[in-house]
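The values are calculated or read from the model by the stated rules, or taken from the named source; none is laboratory data. Keep in mind that this is a model prediction, so the values were computed, not measured. Note that we place each Cβ from the backbone using ideal geometry, even for glycine, and neighbour counts take in every protein chain shown.
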Amino acid sequence: MEGKQVDVVPQEQGKSHGDKLVLIVDDVNLMCHFLYETLKPIPNIETRTTGDFSAAESILVNSQVDLAIIDIHLKNASGLTLAKKIREGRYLCRHDIPILIFSGNTYKKEIQMCLAYDISDILAKPLNAGTVRARVRKALKRNVQLKSPDYYKAIVSTSGEAYKTEFAGAFVKNLPPPTAKKRISTNPTDEVKKHSFIKWPEDLSSGYHQIDRRLKHVTYLLNMLHHRKRTTEKYPNIVEDIKNIRLAIDDILYVAKGLKQSNAADSIWRLLFQRLSDFSKIKLETFATKTSNTHYVNKQFKEVRSKWLIVLSKPVMKEVQSEKHR
């Protein structure tokens, strides 16, 4: 039986006998469509998609969902909040259904929360169709005995981190012990904000929240790369940070490519795709090589700043006025 896509429906619609109902939650329609098409070849799968947190809850309240695939960063809520409520048994579905979380930018605290809520799998963007199908098949076959809903209700989420006294060691015991050496923070600091290498144009917007969010995230990553490279003698995480920049840019390129194809008459998306493609040709990996040539490093950063500001310029980005921000 071929997969069936069902958009948000407030009341339960009975599944065919033997079907598995998969709920996909992502506020990017293109990603919902990609995941639907990806799961379509899997037999006995029915798929429902939504980009809205409240609509996702409506489906969960009225439907026997068998597996959930949730974007960790939704427009108006955290996908982890939805995952936690599933584990707490607040919906019609079983509280122990497989939950797959995906994101282009997942931080340590979010990974800790995923472990706390017994998330089945974490998928990193850009997603590969074959990998997604394999993970979904594996999750549906897996029979894991999870803890009771009361256990998950006792977990308190504070500032993005999950805590519970009796199980805290479960996800921190394998971490390396703290040292006296100052740890480089992965969060934005006042110093980085104050001396931004690239200023985010607060008065401009693409008109699409998801595009703005992704562009802003890359801007932050570039600023952090510049700040750490210029202010620290040793930069042990530089290769990983450059890799994260590449992944974030690939994510926007994927979205821009889809918009370019689905809106062929709108030249804006072709321009955005071209600008991103040009920027991706910069050899960021050269920053990870050891060199005492400060002039060369400065020249490389100048190119990064110049080409990224082109990405953030008009007509892709427009002045924010009374136009409703989609």
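Every residue, every condition in (1) modelled with pLDDT of 90 or more; (2) farther than 30 Å from H33 by Cα; (3) not assigned by TED's automatic domain parsing to the domain that holds F34, yes or no:
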position	(1), (2), (3)
V218	yes, no, yes
N223	yes, yes, yes
L253	no, no, yes
G258	no, no, yes
A264	no, no, yes
D278	yes, no, yes
T289	no, yes, yes
Y296	no, yes, yes
Q300	yes, yes, yes
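Among the helices (runs of 4 or more DSSP H) contained in the stretch 118-177, which hold 3 or more residues that are at pLDDT below 55?
Working: elements: 129-141, 149-153, 169-172.
Of the helices (runs of 4 or more DSSP H) lying wholly inside the stretch 118-177, those with at least 3 residues that are at pLDDT below 55 span 169-172.
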Is there a residue being buried (at least 19 other Cβ atoms within 10 Å of the Cβ), among the charged types (D, E, K, R), in a loop (DSSP other than H, G, I, E, B) and not assigned by TED's automatic domain parsing to the domain that holds H209 anywhere in the stretch 69-91? no
Qualifying helices (runs of 4 or more DSSP H) (wholly inside the stretch 238-324; at least 2 residues being closer than 22 Å to L127 by Cβ): 238-262, 267-280
Sort out which residues of the stretch 53-68 are surrounded by fewer than 22 Cβ atoms within 10 Å (Cβ to Cβ), at pLDDT below 95 and part of a loop (DSSP other than H, G, I, E, B), and write them in order of number. Q64
Going through the stretch 77-101 one residue at a time, which ones are within 24 Å of H217 (Cβ to Cβ) and touching a residue at least 40 places away in the same chain (Cβ under 8 Å)? G79, L80, T81, L82, K84
When M317 is evaluated against the numbered criteria (1) surrounded by 17 or more Cβ atoms within 10 Å (Cβ to Cβ); (2) touching a Pro at 6+ places or on another chain (Cβ under 9 Å); (3) closer than 18 Å to L30 by Cβ, which criterion, by number, is the only one it fails? (3)
Residue in the stretch 94-117 that is modelled with the lowest pLDDT, counting only those that are under 20 Å from I24 (Cβ atoms) and among the polar types (S, T, N, Q): T106
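Are any residues in the stretch 37-52 surrounded by fewer than 19 Cβ atoms within 10 Å (Cβ to Cβ) and either assigned to a helix (DSSP H, G or I) or polar (S, T, N, Q) (or both), and if so, which ones?
Taking the stretch 37-52 as the starting set, the residues that turn out to be surrounded by fewer than 19 Cβ atoms within 10 Å (Cβ to Cβ) are 37, 40-44, 52.
Selection gives E37, N44.
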Tell me which residues, restricted to the stretch 195-231, are outside any helix (DSSP H, G or I) and more than 16 Å from L309 (Cβ to Cβ). H195, G207, Y208
